[in-house]
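Derivation of every value follows stated rules applied to the coordinates shown; laboratory data play no part. Everything quoted here is computed from the prediction, not taken from an experiment. Using ideal geometry, Cβ is built from the backbone for each residue, glycine included, and neighbour counts are taken over all protein chains shown.
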Amino acid sequence: MILPIVAYGDHKKLRTVAKEVEAVNGDIKQLVKDMFETMYAAKGVGLAAPQIGKNIRLFIVDGSPFSEDEGEDEDPLADGISDFKKVFINPIIEDETGKEWPFHEGCLSIPKIRESVIRKPEITVSYYDENWEFKEEKYAGYAARIFQHEYDHIEGVLFTDYLSPLKRKLLQKKLNNITNGEIEIDYKMRFPKKTKK
Ligand code: NI
C-alpha cells in the first residue's frame, strides 16, 4: 500500500527523535513492504519511518537508481550502490571519517529542492536488519550519503538544517509553499497546512 509522505513543516512528525523498535513483528514487516512501495512510487532512494508518520527508528534505502544516474563504473563514489537495498532498524553511526564533501541532497518530504550539504564520506554503522539480525557494516560515497540523510530523519533533522541562514531565507517561500500544499508533485503527500480548495 502506498502511504502519503509527510511534507516539510509537520514538526510533530518530522522533528521528533524517533523511538527504538523493539522487535520485528508482522506490523513492521508490512510497514517495510509499504515503505518500499511508497519509496518506489515517489522515485526516492531512501525513506524513513517518520516521513510516513511513524515515530520509530527505521528506514529503508535502495541506491540502485544512483548506479544508472552516476555511472557506477567510472565513479568511485558509486561503489556498491547498485546493491545498496536495505532495511535499517535501530541504526547507529559508530564512526564517520574522511574529508568532508559537498553533494546536492533532496528529500521526498521537501520536493523540488536540492541543496549542497557537506558530510564525511565514510561511515561505520550498526543496525538490525528486517530479520532482526545484528549487523555492522562500512559504507562510503553515495551509500554513506543516503544513510546519513535517512539517519538524520530518525533524529528529527532535515537537510535544510545544514544550510546557511541566508540560503534558508532564500528558500523560505518555497518551503512555505510545500507546507501549505501549494506544489505540483506526482506522488502522494500529506501537507500540514493545506487548506481545502
Ligand atoms: Ni529525506
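The alpha-carbon of Lys13 sits under 19 angstrom from the alpha-carbons of these lysines, leaving out residues fewer than 8 places away in its chain: Lys54, Lys188, Lys193, Lys194.
The translational diffusion coefficient of segment 79-149, from Stokes-Einstein at 10 °C and 1.306 mPa s with a Kirkwood hydrodynamic radius over alpha carbon pairs, comes to 122 µm²/s. Taking other C-beta atoms within 10 angstrom as a stand-in for reagent exposure, Thr97, Thr124 fall in the order Thr97, Thr124, fewest first. The H on the amide N of Phe84, modeled in the peptide plane, is under 5 Å from the matching H of Gly63, Ser64, each at least 5 residues off or on a different chain. Put simply, the convex hull of the Cα atoms in the chain casts, on average, a shadow of 11.3 nm².
With neighbour counts taken as other beta-carbon atoms within 10 Å, the residues Ile118, Ile2, Ile81 rank, fewest first, as Ile118, Ile2, Ile81.
Sequentially through segment 117-125, phi angles give Karplus couplings (6.51, -1.76, 1.60; θ = phi - 60°) of 10, 9, 9, 6, x, 10, 9, 10, 10 Hz, Gly and Pro residues having no value and appearing as x.
Sparsely packed loop sites in segment 1-89 (the chymotrypsin sites (Phe, Trp or Tyr not before Pro) outside DSSP H, G, I, E and B with at most 10 other Cβ atoms within 10 Å) do not occur. 3J(HN,Hα) along segment 9-17: x, 8, 5, 4, 7, 9, 10, 9, 6 Hz, from the Karplus curve 6.51 cos²θ - 1.76 cosθ + 1.60 with θ = phi - 60°, whole Hz, x for Gly and Pro. Candidate cross-link partners of Lys99 among the aspartates and glutamates, defined by an alpha-carbon separation under 13 Å and a same-chain spacing of 8 or more, comprise Glu122.
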